[in-house]
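In what follows, a structure is listed as structure tokens, so that the remarks can point back to it.
Each reported figure results from applying straightforward, stated rules to the coordinates on display, with no laboratory input. Please read these numbers as outputs of a predicted model, since none were measured by experiment. Cβ placement follows ideal geometry from the backbone for every residue including glycine, while neighbour counts extend to all protein chains displayed.
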Amino acid sequence: MNLLSKEAESAIKLLQKSGYEAYAVGGCVRDMIMGRECQDTDITTSALPEEIKEVFSSFRTVDTGIRHGTVTVIINGAPLEITTYRIEKGYSDGRHPDKVIFTPELTEDLKRRDFTVNSIAYCSEKGFIDPFAGIDDIKRKVIRCVGNPAERFTEDSLRILRGLRFSSVLGFEIEKNTAEAMRECKELLKIVSNERIFSELSKLLCGRNVREIIVSYSDILEVILPEIKGMKGFDQYNFHHIYDILNHTAAVTESIPPLPHLRFAALFHDCGKTDCFSLDEKGIGHFYSHPSVSAKKADEALLRLRSDTKTREKVVKLVKVHDTPIEESERIIKKRLRSMGDELFFDLIKLQRADTKGLAPEFHGREEHFDTLEKMAREILESEACFSLRNLKINGNDLIKEGFKGREIGTALSSALEAVIDSRIKNEKEELLSFCLKHKR
């Protein structure tokens, strides 16, 4: 079992020596019980905010949320959030308590928390304080609300998504009453800020249990991701597929490495299929133009969710080209590296690998193809072969000296690069200049 950090232990002992109760609480304690590395440590105490500041008067403190009882203390450069035991009353905005009442009782503070696995307190002197059987739930691998689930979700509706995230990341099942309340309260997710939803979704999608969450709780996810509506039960009528669109999407999302931009690309890669479906005369389903439709939907979704620009642009580019085959051709790979850049090219291979794993079993045997593509691309990069303008042995200044102006320069450089990639000319200065002059318009 992992111990608390030295800084957290020191803070707890200093509060206790000053006559107050103090415990580590929340996710850090849960992770410690599970044998996982503790991240940020939150501390709860019977000391009031001004008393916390007095105890730590020799340290730097920040009034992070002093009205609600939270003071951040900096010990050895590590920030520790220390919060007074509290009771919360009323949640008119579905997020923040209307009133906070400080209490001397630890159990009252633990009672206001979301899930039992997060409602365990710990200090080395007294061990674990677990009034809601959170340790048993950790052992049983269950996510269960503290008290009445509907009340917990009404207080802060983001807890619905947090519960799904914990299930995905930890691999825990969601207890029946908690799951039912999630569904009853799901429309409350509409009042949660898009930034908070994006943050939770990013973590949820990177969980090991993401496939189960997407399939079993799609009705909840649809509230915040209308782009996936209609995917469940949508038969693809195609011999390549044994799954409906939703189950295929879930399989692909599970199969790709757990990085947010890759998981979002997998989630959205076929979301446009429901708009592009057609049956031919043989009863075979087709989804012409679905990559571009899916890319547009992905762009709209990530803009709405306030995704960072870099993630959004990567996702949209990957979705748009995910269905384009890549031949085992040096020329074709160079062109892809030129248009996408090496990082995104390798991401595309990851997406296409995962996409294959979501097909019927007889189409799974393409690993060698993707291995070959990766190997060829790495060899091209290591050999410093010319596939982009920065590798070209001439530049704009060289062309200006030859009398090129304005747009002529960019056009000539692009044409010369294409000729080098196609092996029509060598990447040598004199030959490149001769080619540009010959084809000058």
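Computed on the Cα trace of the chain, the radius of gyration divided by the Kirkwood hydrodynamic radius gives Rg/Rh = 1.10. Under the combined filter of DSSP loop state and at most 12 neighbouring Cβ atoms within 10 Å, region 339-403 retains these GluC sites (Glu not before Pro): E384. Averaging 1/r across all pairs of distinct Cα atoms in region 199-289 and inverting the result yields a Kirkwood radius of 13.6 Å.
Under the combined filter of DSSP loop state and at most 11 neighbouring Cβ atoms within 10 Å, region 342-428 retains these trypsin sites (Lys or Arg not before Pro): K405, R424. Here the average projected area of the convex hull drawn through the C-alpha atoms of region 1-139 stands at 8.2 nm². The separation of region 391-441 from region 315-367, counted between C-alpha centres, amounts to 30 Å. Between C276 and H364, the C-beta separation translates, for a Förster distance of 25 Å, into a calculated FRET efficiency of about 0.50.
One chain, two ends: L259 and V62. Fully extended at 0.36 nm per residue, the span grows by 67.6 nm beyond their Cα-Cα distance.
For A78 and E300, the difference between the fully extended length at 0.36 nm per residue and the C-alpha to C-alpha distance is 76.1 nm. The slack in the chain from E125 to L437, taken as 0.36 nm per residue of separation less the alpha-carbon distance, amounts to 104.1 nm.
Amide H to amide H, with H built 1.01 Å from N, V146 comes under 5 Å of F115, T116, counting only residues 5 or more places away or on other chains.
Dividing the summed -39500 (n - 2.57) terms of all DSSP H runs of n ≥ 4 by the residue count of the chain sets its mean residue ellipticity at 222 nm at -14500 deg cm²/dmol. Each part reduced to its alpha carbon centroid, region 148-171 and region 188-232 end up 12 Å apart. The charge dipole of region 229-353, taken about its Cα centre with unit charges on the Cβ atoms of Lys, Arg (+1), Asp and Glu (-1) only, comes to about 480 debye.
With a cut-off of 16 Å on the backbone N, the residues of region 363-398 near the modelled label site 7 Å out from S414 along Cα-Cβ are 388-390, 396. Compared with the dominant Cα axis of the chain, that is its longest principal axis, helix 290-304 is turned about 40°.
By the beta-carbon count within 10 Å of each Cβ, the least crowded to most crowded order of H286, H261, fewest first, is H286, H261.
Residue-normalised convex hull volume from the C-alpha trace of region 229-353: 115 Å³ per residue.
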